[in-house]
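The values are calculated or read from the model by the stated rules, or taken from the named source; none is laboratory data. If you're wondering where the values come from, they're calculated on a predicted model, not measured in any experiment. Here the Cβ positions follow ideal geometry from the backbone for every residue, glycine too, while neighbour counts run over all protein chains shown.
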Amino acid sequence: MASLFVHKEPDPLNGVPEQRFTLSLSNILVVLGSIVLVVLLWQLRSLLLLLMISVVLAATFAPIVDWAEQWRIPRWVTVILVYLTLISGIIGVSLIIGPTAFEQIERLIRKLPVYLKDVLAIAETWAMQQNETRPDLVSQLFDQFFDVQGLTRWAITSTQKILLRSFSLTTGFVGGIFSLILAIFLSGYILSDSRTLLGNLARLLPQPWDERLAAQFAPMTQRMGSYIRGRVLVSAILGVAITTSLGFLGLSEYALGLGAIAGVTNLIPFLGPILGSIPALLVAISQGWWTFLWVLLLFVIIQNIETYILDPLLVGSSVGVHPLYQLLAVLGGAQVLGIIGALIVPPWIAGCTVLLENLYLQPKLRAERQLKLQSQVDPSIPVSPS
């Protein structure tokens, strides 16, 4: 069996063995093959992203298909009914609230420079009150470092970059829509014939790893699906609550658009609620300090309700990942894949933790406990495995 050999020869000068590394041809081929595989996967990143989205969609609707199968309804029939219902619901909601929401968002974007100018004017007034002795210096500093047009261009450019990064893997907006449709068809095919597909995937591994991997498919899909279902439900509830509350607080002109923005961004863990609150706070501060404080209080209350009530109740412990790792997953996914990555990477991380827990951590803990019990019976046995 070819491997990396370490050959030791005594040094004639000091007698210390000299290490010489010998790299076999097979190891060189393995390294070259790994590099080729990485390059190939990078070239197929659009297909891999499409497959990731399809698996997440399939995991989301798997419980419905499994439940219908218990009543002897063919899986493909349930899949068709589920996706027809989903598409009809999306189209219906879009037709009902879509035109109004998009019109409000468009007006909000057009008035964004005005709102930024109001915010900077308030900040400049406050700074001059703090430094009444040299108001000219304060004015110069604000003119130099706080350019309204520059900030507006930066905000729009940053948003465009994120969106372009999200669509760069799908060749534009039309390609993104086509990829989403294709992902729905792929997820439907995965749901219809999941047992055969997963069984063939498990057979690629040698025994006993094929059986071990096959046993993890169900908990992986359950964790991924429950995470997505919980996030969508929480975001929908918060979107309706924010829209209604902003209407009562005097922002009815943009309430539906701001609620839609907050609901969509809330799908992104950690960063989403903050991003969703910024447009509403910009609009509120132009209405006066009291409106701003009430809107700020609203988002603080909404955030606490989500953190301490809705997430534990609807999402629960489905993620199974430390919050720091979740945040890193969101940031890494957004950096590489844009908005799509921030949405797709966290459920995949949640699913991969199942493999880490069941195939490595739990067997390791069982082996350590067993070894500890044996050491209590026979003190000659070392406590830590060698």
*Filter region 335-353 for residues that are in contact with a Leu (Cβ under 8 Å, 6 or more places away or on another chain) and touching a residue at least 24 places away in the same chain (Cβ under 8 Å); which is surrounded by the most Cβ atoms within 10 Å (Cβ to Cβ)?*
Ala342
*Any chance region 361-375 includes a residue that's in a loop (DSSP other than H, G, I, E, B), among the polar types (S, T, N, Q) and either at pLDDT below 85 or over 30 Å from Leu233 (Cβ atoms) (or both)?*
no
*For region 277-312, how many residues meet the condition of being free of Cβ contacts under 8 Å to residues at least 60 places away in the same chain and either among the polar types (S, T, N, Q) or outside any helix (DSSP H, G or I) (or both)?*
7
*Check on Ile274, closer than 16 Å to Ser235 by Cβ, free of Cβ contacts under 8 Å to residues at least 60 places away in the same chain and out of contact with any Ser or Thr (no Cβ under 7 Å at 6 or more places or on another chain)*: yes
_Conditions first: (1) within 28 Å of Ile349 (Cα to Cα); (2) at pLDDT below 90; (3) among the hydrophobic types (A, V, I, L, M, F, W, C). Leu282 passes all but one, so which condition is the exception?_
(1)
_Please go through region 88-120 and give me each residue that is under 27 Å from the mean Cα position of the chain (by Cα) and without any contact (Cβ under 8 Å) to a residue 60 or more places away in the chain, ordered by number._
Ser88, Gly89, Ile90, Ile91, Gly92, Val93, Ser94, Gly98, Glu106, Ile109
_So in region 98-119, with the set limited to residues that are part of a helix (DSSP H, G or I) and of a type in the set (Lys, Arg), which one is surrounded by the fewest Cβ atoms within 10 Å (Cβ to Cβ)?_
Arg110
*For Ile305: the one exception among (1) crowded, with 17+ Cβ neighbours inside 10 Å; (2) under 15 Å from Gly239 (Cβ atoms); (3) among the β-branched types (Val, Ile, Thr)*: (1)
*Counting just the residues of region 241-269 that are within 22 Å of the chain's Cα centre (by Cα) and part of a helix (DSSP H, G or I), which one comes out surrounded by the fewest Cβ atoms within 10 Å (Cβ to Cβ)?*
Val264
